[in-house]
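> Here it is, the structure, as C-alpha cells.
Nothing in this text is a laboratory measurement; each read-out follows from the coordinates by a stated rule. Predicted model only: the values in this text are computed from it and were never measured. Here the Cβ positions follow ideal geometry from the backbone for every residue, glycine too, while neighbour counts run over all protein chains shown.
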Amino acid sequence: MKEDWDWDREQKKVIQSPVDERILVDAGPGTGKTAVACGRVAWLIDEGGISSVNIWLISFTRTAVQEMRNRIEEYLKNPIDAYSIKIATLDSHAWMIHSGFDSNAKLLGSSYDDNILEITNKIKKDESEEISDYLHKVEHIIIDEGQDIIGIRADLVLEIIGKLSKQCGITIFSDIAQSIYSFSIDEESVGFDGSKSTLLDKIADKFNGNFRTIHLTKLFRAQSDNLKKLCTETRQKVMDQTVDPIKKYSMICQEIRSLADDCNILDAYNDAMNDKNDCFILYRRRVEVLMTASIWGKKAHRIRMSGLPQSISPWVGACLAEHTKKRLSASEFADNWSVFVTGTILERGIDQGIDQELAWNQLVRLAGKTKFEVDMNLLRRRLGQRRPPVDFCTHEVGTRGPIIATIHSSKGREADNVYLMLPPEPKKNKKYPNSNYDEETRVVFVGATRARKWLGVGNGYQDHFGMPLNSSGRIFSISKELYNCARVQIGLDRDITASGIAGRNYYENSDTVRINQERLCELADKITNAEAINDHTCDHVYRLIPEDDEVDIAALSNPELREDLWKIGKKINGRPPEIIKQLRIYGIRTIILPEESQECNGLHEPWTKSGIMLAPVINGYTNIDFPFYKKKAVY
C-alpha cells in the first residue's frame, strides 16, 4: 500500500487489522468510511499477502462500486490489481454465484429477490459442495452499509459466512443511525417491516463474540461546528431507543433546523443555481423530485432517484451503433471515435474525464480478447444486462447543474451545499405505527448529513401525494381541481426501447433512423422541451417530438405505458390522451441489446446486427387530460 496516505490512529486500526480477523466497524457520517474500506483492501493486497482475486467487496449501491474501485486503484502499489477484486452489490454477487453454478439460471424482470432466495437455498444445501469449495477460496470479505442489509439478503450473507474458511477475514462497516431499510424497497413507501431482521442482528445472534468492534469517530466531511455537532451529538440522539419515537422524530427535525445555516428555505430554485454542480436538493419522496423538476423546466439540473433508465454513456452508441462485425479492433475504434466523437458535443459536454484511450481501455477490460481487440458479442451481453457495469453509466438524468434527488438515492454521497426539504410528518394513525417514526428519523438525519459546508432546511410538498401503480411503479396523482385530469410520470426505464428507435414497425427505412441518430447527438448536453403525439396509424404509439420541430425523434414504445394510461384513465372515466405535453429530453444514452435478444429481429439494418443505438433520456410529471370515455375500459 502506498505510504503517502495520512490515516489517523482509528483508521489504521481498521486498515491494518490481521487479514483473518473479523471486525465490525461502527462509522458515523463523514468519518471516512469509504476511504477506510478501500484502504483496507489495498493493505490486504500489498501488505497482507492476499491475492486480489480472493477479495470480495460488497457495496450497497451500484454508484459506490466504481468510486470504490477508483479509490482502491489510487491506494495500491500496483493499480491494475484493482480490476481483479470482486467489487459489486450483494445482488450482483448473488447472481454471479448463481449463474456460475447453474447453467439454467435466468434473471428476468424484477426477479433479483427470487434469485436471492434461490441461491441462498443452493448454498444451504450445496449437495455437490461445488459452491462450498468456491467460497472456501475467498480470503477476505468487506461489506459496506451492513445496517441496510435485511431480510432475505441478510440470510444470504449469513449462509455465505457459514461456508467461508475459518481463516477468511471479514470487515463489516455500518452505522445504525443511517439505517433506512426502505432504501432497498421504494422511496414512496413509509415505514419498515420490523419482522425483517438486519444483518447486524443476525450476526449478533449467531456469531456473538466472534467479531471485534472498532469505532471511527473523527469527522472529515463536516466543515462547520454545527455540521460536526449534527454528525456527533444529534447522531447519538437518533440512536437513543429510550425516547418515544414520535417525540424523537419531532425533536430531531427541530434540531436539524436549529443547526442548519438557513432553516427557512422557501424556494431553493435561485439559490441552488448559484451552487451549480456541487449541490443537492433532497426530498423524501420521488413524487417531490418529479414536481420540482417539472417546475425547473429547462434550467440546468440533474435528477437522481429510483426507477429511471440505466443510462449507458452516449460515446458507446456513437462509436459502435453501426459496427456489425464480431470483433472490434483498436484501429477501428480509433477511426469511429475520430468520426463520431471528436469535435462533437459528446466530446465537449458529456462524459468529462474520458478520452479515446480511456474509453478503449474500458472496453478491453470488459470484453477484450486481447488489448488490441474486443469481443462484440461479449460486450453486448455484459452491457445489455439489466444492470450494466457502473463505469459505463451516468449516475443521474441530466448532464449538469444541481442534483434534485431523493434522500435514499443520495445515501453515501455528499455535496458542499445541501437543501434538505423535510417531508410532511407521518400520519398518526394505525396505518403508520410508532416503529415507522424511528425509520423516518433516520431518513431525515441521513439527508442532513450529506452536507460538507452548508445546510439549508425547508419543507417538501406537504399536500401533494403521488401513488405508484403496482405493476410498473409509475407515479401518478389525480387532480382534485381539474376534471378528468391526472399528473403522470413519463420516463421510466423502458418507456423508450430499441424498437422505438430503430424498429421497422415505427420507421420506414434505415435512412430515417440514421437521421434521427444524428439529431439526437445535437441534444446531448441540454434539456429540451418535447411532446408526445398519439399515432393512430401505428398501434397508437406516442411519437416524441422535440420543441421547434415537426418530426419525431423516437417512439414511446413500451406497451406498458399505454396500459398504465388506461389504468389511470379508468379511475377518472377517461381514455389515453391524444397528446402528452410538458415532457423534457435530458440528453441521450446508449441502448444495447445482447445478440440473442428477440427485439433485434424487428430492427432496421445495421442495428438489427449491431444491437446498439442512441436514445433520448426523457422525464416528465405532466398534467394529462384524459378524454371522457363512455364505455368500460378494456385491458
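> Sorted by mean Cβ packing within 10 Å, highest first, what order do the peptides 321-328, 587-594 take?
587-594, 321-328
> Computed FRET efficiency, Cβ-Cβ of residue 382 and residue 47, R0 41 Å: what is it to the nearest 0.05? Don't skip to the answer; put the middle values down first.
Values: r = 33 Å, r/R0 = 0.80.
Computed FRET efficiency for residue 382 and residue 47: 0.80.
> Rounding to the nearest 20 debye, state how big the charge dipole of the chain is about its Cα centre with +1 on each Lys and Arg Cβ and -1 on each Asp and Glu Cβ.
Details: 85 positive and 92 negative charges, 260 e Å.
Once rounded to the nearest 20, the dipole reads 1260 debye.
> Checking the table 12/411; 163/202; 163/206; 299/411; 33/124 against a 21 Å threshold on Cα-Cα, which pairs fail? Each step should come with its number before you reach the end.
Numbers: 12/411 25 Å; 163/202 16 Å; 163/206 14 Å; 299/411 25 Å; 33/124 32 Å.
Check vs 21 Å cut-off fails for 12/411; 299/411; 33/124.
> For segment 475-625, how many pairs of lysine residues have a Cα-Cα distance under 30 Å, where the two are 8 or more positions apart or belong to different chains?
8
> Right, here's the next one. So if I restrict to the alpha-carbon atoms in segment 9-216, what is the Rg, and what is Dmax, the biggest pairwise distance, in Å?
So, for segment 9-216, Rg and Dmax equal 16.5, 49 Å respectively.
> Please work out the C-alpha center-to-center distance from segment 546-600 to segment 379-397 and express it in whole Å.
Cα centres, segment 546-600 to segment 379-397: 21 Å.
> For segment 537-623, state which GluC sites (Glu not before Pro) are in a DSSP loop and have at most 14 other beta carbons lying within 10 Å of their beta carbon.
547, 550, 578, 596
> Fewest to most neighbouring Cβ within 10 Å: what's the order for 528, 370?
370, 528
> Would you mind ranking 373, 127 so that the residue whose beta carbon has the fewest other beta carbons within 10 Å leads the list?
Listed from fewest to most nearby Cβ atoms, that is 127, 373.
> Work out, step by step, the length gained on full extension between residue 548 and residue 331: first 0.36 nm times the residue separation, then minus their alpha carbon distance; give nm to one decimal.
Taking residue 548 through residue 331 to full extension adds about 74.2 nm, to one decimal.
> Also, quick follow-up: Under 5 Å between amide H atoms, partner at least 5 residues away or on a different chain: which partners does residue 171 have, H built in plane at 1.01 Å?
23, 141, 142, 143
> Here is a follow-up. When the Karplus curve 6.51 cos²θ - 1.76 cosθ + 1.60 is applied with θ = phi - 60°, which whole-Hz ³J(HN,Hα) does each residue of segment 211-228 get, with x for Gly and Pro?
Ordered by residue, 3J(HN,Hα) equals 10, 9, 9, 10, 9, 9, 10, 6, 8, 10, 7, 5, 10, 9, 4, 5, 5, 5 Hz.
> Quick check: convex hull over the Cα atoms of segment 475-625, volume per residue in Å³, rounded to an integer?
109
> Determine the principal axes of the Cα atoms in the chain, then give the extent along each, sorted from largest to smallest and rounded to whole angstroms.
69, 60, 50
> Another question, if that's okay. Based only on other Cβ atoms within 10 Å, what is the fewest-to-most ordering of 40, 562, 212?
Placing the least packed residue first, the sequence is 212, 562, 40.
> Defining a contact as two alpha carbons under 8 Å apart and six or more residues distant in sequence, what relative contact order in percent does segment 475-625 show?
It comes to 34 percent, rounded to a whole number.
> Scan segment 125-168 for trypsin sites (Lys or Arg not before Pro) in coil per DSSP, keeping those whose Cβ has at most 12 other Cβ atoms within 10 Å, and list them by number.
Sites meeting the loop and neighbour criteria: 137, 166.
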